[in-house]
Each structure stands twice: as C-alpha cells, then as structure tokens.
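S.K.: The structure under discussion is supplied below as structure tokens; questions concerning it will follow.
What follows draws every value from the coordinates through simple rules; no lab data is involved. What you are looking at is a predicted structure, and each value in this text was computed from that prediction instead of being measured. Cβ: placed from backbone, ideal geometry, glycine included. Neighbour counts: every protein chain shown.
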Amino acid sequence: MYDLTIVGGGPAGTSAAITAARHGARVLLLERGRFPRHKVCGEFVSAESLGLLGNLLDAEHAALLRDAIRIPQARVFLDGRTLETAVGPPAASIARVDLDAALWDLAGQSGVETRQQTTVQAITGGGPFTVATSSGDFETLAVINTSGRWSNLNPAPTGSGRAGEKWLGLKAHFAEPSPPASVDLYFFDGGYCGVQPVELNGAGSTHGRVNACAMVRADVASTLSEVFSRHPSLRERSRHWKPLSDAVSTSPLLFRDPQPEHGNILMAGDAAGFVDPFVGDGISLALRSGKLAADCLASFFRREASLHDAAGRYRRTYEQQLAPIFRASSKIRRLLLLPRSVRTPMLYLLENIPVVTRYLVSKTR
Ligand SMILES: Cc1cc2nc3c(=O)[nH]c(=O)nc-3n(C[C@H](O)[C@H](O)[C@H](O)COP(=O)(O)OP(=O)(O)OC[C@H]3O[C@@H](n4cnc5c(N)ncnc54)[C@H](O)[C@@H]3O)c2cc1C
C-alpha cells in the first residue's frame, strides 16, 4: 500500500512526488513514456516558479537553472506592429528534454519509486484506490493525477472546452546565429508561433539554437514550414534556419475550466487545467500546483486529516491562487486572435498605453 500514487511524470508529477517524499510519504510515480524526450513546448519558464525549481533541483542538477539563458524581453509581432514589453524578473529558457529528465531522476533520488513505460488504465475507489496499469495493479491511499492535458483518465471537459475549433501544437529546435534574448511571438490569423533562444544542458553558451513553437488552428497549418509562411517577418527570419531536432506535434489543444479535484483524486498541472500557452505559465503552474497538492496531503500522510478534507483544502487554495491566471490569460488570447478590424483599436491602446499591457501581463502571473 503506497501513501500516494502519482500518474504522469511531467513537471507537475515530479514536483508533487519530490515534495511528498520530503514529507515522508511512500510515493509511487508512474509514467507511460520514457525520458529523455522532446515535448511540444515553448520552453519559457516564467520567473514565478524559478525559486521553486531551484528548491527541487539538487547540487548535481543545479546547472540546469544556473546556466539557463535568461529572457528579459517579450516582443509581439502583429499586423505590422511590434509591441515590446520587459519580462521582469526575467524568465529562463530550459529545454524540456533536459528539464523533465532531470526532475524524473531527482524524484528517484528523493526516494520515490519511479516506473517508466507504465500506462495507467483506470483508477477505482474513492480512497483507498486501486490503480490498474499495463504492469499490474497498485493499491494506494491517495492519488494525484498529473497525466497532462489529454489523457484517458481526465474527466470529460466542461465549460469552454466542449465545443470549438481544433488547435494543434508544433515545435522544433533550429540553428540561428546569435538570436536575441527575447521571446518573440508572431501572431497571424488562426494562430501564433513563439521563437526564443535555448541551449541544451551542458552544451555551453553557444547561443546558436532557437526553439520555434506554434499553436495553430488545424485548418490553417499542419507543419512548421506552413506556420512560418503565415507571417512575413517570421518567414524572413526562418529562411536560413537549419533543423537541430525532429519536429514534434500534439493535438487537440482543449481549453477548459480548471478542475483541481475529482472524486477525492487531486489533479495538478495540465490535468487540472490547460492555460493558454502563449503566456508561458504552464510549466510554472505545473510545478506550483504539483507542490501545492503534495503539501495539502501532508496532514493526511500524518493521519491528522481525512483525504476528503485534504482534497477540499487543495481545491480551495487552487481556486484562490491559481484559477484567476486561467481566466486572465484566456481573455488576452481571445483579444490577440480577434478579427483584425476589432483588434486594431485594441492594439493601438496597448501600444500607446504600456501600463495597460503591463497590467494585462501581471494578471497572468
Ligand atoms: C504549443 C504549446 C506551447 C507551450 N509553451 C509553453 C511555454 O513556453 N512555457 C510554459 O510554461 N508552458 C508551455 N506550454 C504548456 C506546458 O507544456 C504544459 O503546461 C506542461 O507540460 C504541463 O506539465 P504537466 O506535468 O501537467 O503535463 P505533461 O508535461 O504533459 O506531463 C504529463 C505526463 O503524463 C504522462 N501520462 C499521460 N497519461 C498517462 C497515463 N495514463 N499513465 C501514465 N502516464 C501518463 C504523459 O506521458 C506525460 O509525460 C505549452 C504547451 C503547448 C501545447
């Protein structure tokens, strides 16, 4: 019987696992894939979670954060205009192939029992639970579902996720000599593409690699070269890029109202709610909500609170601290993806009254 089983070994799952192990719990962490692996992601890690990330990393892995390229500026390229805003404090650019593998290793070193290539098929019970997997069944007192945005285990979407267009995510790394230390967002009708410098861990600061990551409507583009052709400045910038990784893709991207708990199962990271990617908060929310879920379970591990009470405390804290970020970021995305005739006056406002831009960005933090 484990105290806690965590489903999914991304940033939310590993953050929850390391935190729960530090609380003295007996933890099982299950992952259907295998690390290291590339992941569709802009790899922009916002400053809000860098302290937490530093706290999760040990001395052996500290270079991942210490040597990461810093991103002190964002530029939005839209309708021939360029909106610039400072990213303060600066974000970090960390390749997911390195980040996720390091956190996975750290979970194992923290005393968590980690199993890769183990797909969870079903979870039954309301506490204790039986977790049925491709490698057999496990009994556990509590479960945190961190299986990401799109999993067989997540409840059917409610609210804004039910209907709408089909969106997909695409990403690859390319060689570009001396890219600016900026996250550049190229918006076009039906999507956008983010470009920022990134380095692989231990590669040194050669500053010759960029991450290009797009979120695009399926009827607008299905490859990165189609995406690049949708924006004149991006088409020009990408003309001499050489691929440094295979392109990876993911679909569908469903936006839904956050749901941090379901039947006494705590949900963290994208499994609780998928935040609009362009605000670059998904990894941060995953790390923070994973830790929060494990912290809220600490009194249950000590037999001082019931699972129901611990799950209720997590739900309430999540609603207060994290849910507002989802509402603010989806409003901004809708604004940027509005038809041109409507968004032009809005952009004029943002360009000329920077305090409005700063206010909008602060609401996503
Ligand atoms: C186009 C795009 C760009 C993005 N750009 C950024 C960005 O620049 N910055 C940022 O902060 N965020 C970004 N995000 C969001 C970010 O990638 C996610 O928010 C983050 O990965 C969430 O982490 P997670 O741990 O919740 O889920 P994931 O990282 O998705 O991890 C979930 C894990 O669960 C595993 N799993 C799923 N089902 C099962 C099962 N049944 N059994 C066992 N394991 C299972 C999966 O294999 C996966 O490894 C972007 C997302 C997209 C789509």
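S.K.: For the chain, list the DSSP H helices whose alpha carbon atoms reach 24 Å or more along the long axis and whose average Kyte-Doolittle value is 0.0 or above?
M.R.: The answer, listed by residue number, is 282-301.
S.K.: Sort the following peptides by mean Cβ neighbour count (other Cβ atoms within 10 Å, averaged over residues), highest first: 244-256, 3-15.
M.R.: Per-residue mean Cβ counts within 10 Å order the peptides as 3-15, 244-256.
S.K.: With unit charges on the beta carbons (Lys and Arg positive, Asp and Glu negative) and the dipole taken about the Cα centre of the chain, which residue among Phe278, Ala91, Pro232 sits farthest to the positive side?
M.R.: Farthest towards the positive pole: Pro232.
S.K.: Determine ³J(HN,Hα), in whole Hz, for all residues of the stretch 124-131 in sequence, where each value follows from phi through the Karplus function 6.51 cos²θ - 1.76 cosθ + 1.60 and θ = phi - 60°; x replaces Gly and Pro.
M.R.: 10, x, x, x, x, 10, 10, 10
S.K.: Further question: Over all directions, average the projected area of the Cα convex hull of the chain and note it in nm².
M.R.: For the Cα atoms of the chain, the hull's average projected area reads 17.1 nm².
S.K.: At a Förster distance of 35 Å, what's the computed FRET efficiency of Ala86 paired with Thr124, Cβ-Cβ distance as r, to 0.05?
M.R.: My answer for the efficiency is 0.10.
S.K.: If you add up the charges near Ala293, with Lys and Arg at +1 and Asp and Glu at -1, over every other residue whose beta carbon is less than 11 angstrom from its beta carbon, what do you get?
M.R.: My count for the surroundings of Ala293 gives +2.
S.K.: Taking the Cβ-Cβ separation of Ser306 and Trp150 as r and a Förster radius of 30 Å, what is the calculated FRET efficiency to the nearest 0.05?
M.R.: In this case the efficiency is close to 0.45.
S.K.: Would you work out the relative contact order for the stretch 73-140, in percent, from Cα pairs under 8 angstrom that are 6 or more residues apart?
M.R.: 15 percent
S.K.: On a full-extension model of 0.36 nm per residue, what is the gain between Glu319 and Arg37, subtracting their alpha-carbon distance, rounded to one decimal in nm?
M.R.: Value of the extension gain: 98.3 nm.
S.K.: I would also like to ask the following. Can you give the longest run of the chain that contains no GluC sites (Glu not before Pro) sitting in a DSSP loop with at most 16 other Cβ atoms inside 10 Å?
M.R.: Segment 1-164 is the longest.
S.K.: Compute the length gained on full extension between Met1 and His240: take 0.36 nm times their separation in residues and subtract their Cα-Cα distance, giving the result in nm to one decimal.
M.R.: Extra length available between Met1 and His240 comes to 80.5 nm.
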